[in-house]
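The values are calculated or read from the model by the stated rules, or taken from the named source; none is laboratory data. The model shown is predicted, which means the values in this text are computed figures rather than measured ones. Note: ideal-geometry Cβ built from the backbone for every residue, glycine included; neighbour counts use all protein chains shown. Heads up: the accessible areas ignore ligands, DNA and RNA and are worked out on the full protein's heavy atoms, side chains in. Shrake-Rupley method; radii C 1.70, N 1.55, O 1.52, S 1.80 Å.
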Amino acid sequence: MTHPSGRPTPGAPSLVVSPVPGIGEVSMGDDVVALVVSALRAGGRDLANGDVLVVSSKIVSKAEGRTVAAAVRDEQITAEAKRLVAARRTPGGLARIVESAAGPVMAAAGVDNSNVEPGTVLLLPVDPDGSARALRADLARQTGLNVGVIVSDTAGRAWRDGQTDFALGCAGVSPTEDLRGLDDTHGQRMEVTIRAVADELAAAGDLVKGKLTGIPVALVRGAGAFVLPVGEDGPGAAAMLRPAATDWFRYGQVEAVRWSMGVDPSAVDAPTVPAGPVLDRLLRVVEVALAAPSPLVGVAAPVCAVNVEPEGLFVVPELPGDPVALGALAQRLAAAAWSEDLAVTIRLEPRGLRVLPALTG
């Protein structure tokens, strides 16, 4: 089938997805392609034109020497993060979702301590698409075949529990299939459908790879319609990254509220998971509200003190006389409370604002 514009639109392929055992532990400087080819042949199998290899980013990172000491994990997460999306305190420490230096939005910038030597952590490849291109070129040199390569990693997803593998990098594989402009089986024109082919192949590979059994590579056969000709690596997985300008969910709930009030999310401690005591959350609400700069030129931010009364209510005395500043403070308290899953009633009393909390979630 061919799209009216001339774009190829492969039909539904019949796939065979197989694990590639026997690769063993990978160390810095190892030839990943030679290890994969050797493991395939030891298992009585060979590659064929149009095959796709799904390679765990872990062995790519190990071969590229991306191992660092676990003691500097937090510092490495900061160094590998381009933008904080969300942060929460957990029993295990500070959990951060960030836009990683490698491109995707991921937990901990992809810095991982699973399937590595104790006392170390692994960073993502510096250039995942570049790593995939290098692997594809090595495969062509060593086998003479046209094989697509996907460098995969694992991530969670908004709105759904559980993790799945996705294409961190790819070469020689069309990362997406654009079906916009085609008619469905009922003759209706499709307007938004772009299939994430590389991610789907990565997820299929993860079903046979073994995070607990030491199998970091999968062979996908039958997806040749998505494999590009020799000499064409394609745009890579970077083409699938959504720009911030079109991302409806670029920040977490708490972080979006804090940025909207002019407060750097990292300037106030992150909320906890699970949610902490109401009193702790309310103290953080007031801290955020008072940290926000004045939204009005010529009107100073209020200077306030915070009292915690026996019944757990908050009083913010020393309020400014300006009613606009007073109203701005009340609105900031309400917004900051919402970000903590709290509803509040704010009452103006002779000695200040009284904040009465009600749990909403």
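Tally Lys/Arg at +1 and Asp/Glu at -1 over every other residue whose Cβ is under 9 Å from the Cβ of T154; what's the total? Here the charged neighbours net out to -3. Packing, taken as the mean count of other beta carbons within 10 Å per residue, orders the peptides 105-114, 22-31 from highest to lowest as 105-114, 22-31. Rolling a 1.4 Å probe over the protein heavy atoms of region 98-221, with every protein chain left in place, gives an accessible area that is 51 percent carbon and sulfur. When Rg and the Kirkwood radius Rh are both evaluated on Cα atoms of region 124-183, their ratio Rg/Rh stands at 1.10.
Packing order of peptides 244-253, 184-193, 92-101, highest average first: 92-101, 244-253, 184-193 (average count of other Cβ atoms within 10 Å over each peptide's residues). When the Cα positions of L241, P277, A203 are compared along the charge dipole of region 202-291, A203 comes out farthest toward the positive end, with charges on each C-beta of Lys, Arg, Asp and Glu.
At 1.4 Å probe size, put I77, I194 in order of accessible surface, largest to smallest. List each step's numbers first, then the result.
On the way: I77 5, I194 80 Å².
Correct descending sequence by accessible area is I194, I77.
Taking packing as the residue-averaged number of other Cβ atoms within 10 angstrom, the listed peptides 303-309, 230-236, 257-263, 49-55 run from highest to lowest as 49-55, 257-263, 230-236, 303-309. Think of it as helices only: each DSSP H run of n ≥ 4 in the chain is worth -39500 (n - 2.57), and spread over all residues that comes to -7500 deg cm²/dmol at 222 nm. The distance separating the Cα centre of region 145-184 from that of region 70-101 comes to 24 Å. Over region 196-322, accessible surface divided per residue gives 52 Å², non-protein components excluded, 1.4 Å probe. When the chain is treated as a GNM with alpha-carbon contacts under 10 Å, the residue of D161, D153, D138 showing the greatest mean-square fluctuation is D161. Based on Cα contacts under 8 Å between residues 6+ apart, region 114-176 shows a relative contact order of 32 percent.
When Cα extents along the principal axes in Å is computed from the coordinates, the matching label among (i) 71, 48, 47; (ii) 83, 57, 34; (iii) 64, 43, 40 is (ii). Rolling a 1.4 Å probe across the protein heavy atoms gives region 50-99 an accessible surface of 43 Å² per residue.
Only Cα pairs under 8 Å and at least 6 apart count here; give the relative contact order of the chain as a rounded whole percent.
Numbers: 668 pairs, mean separation 60.3, N = 361.
Reported as a whole number, the value is 17 percent.
Hydropathy at least -1.0 by Kyte-Doolittle, axial extent at least 20 angstrom from the Cα trace: which helices of the chain, defined as entire DSSP H runs, fit? Qualifying helices: 128-143, 323-339. For the set S57, S174, solvent exposure ranked by accessible area (probe 1.4 Å, protein chains only) runs largest to smallest as S174, S57.
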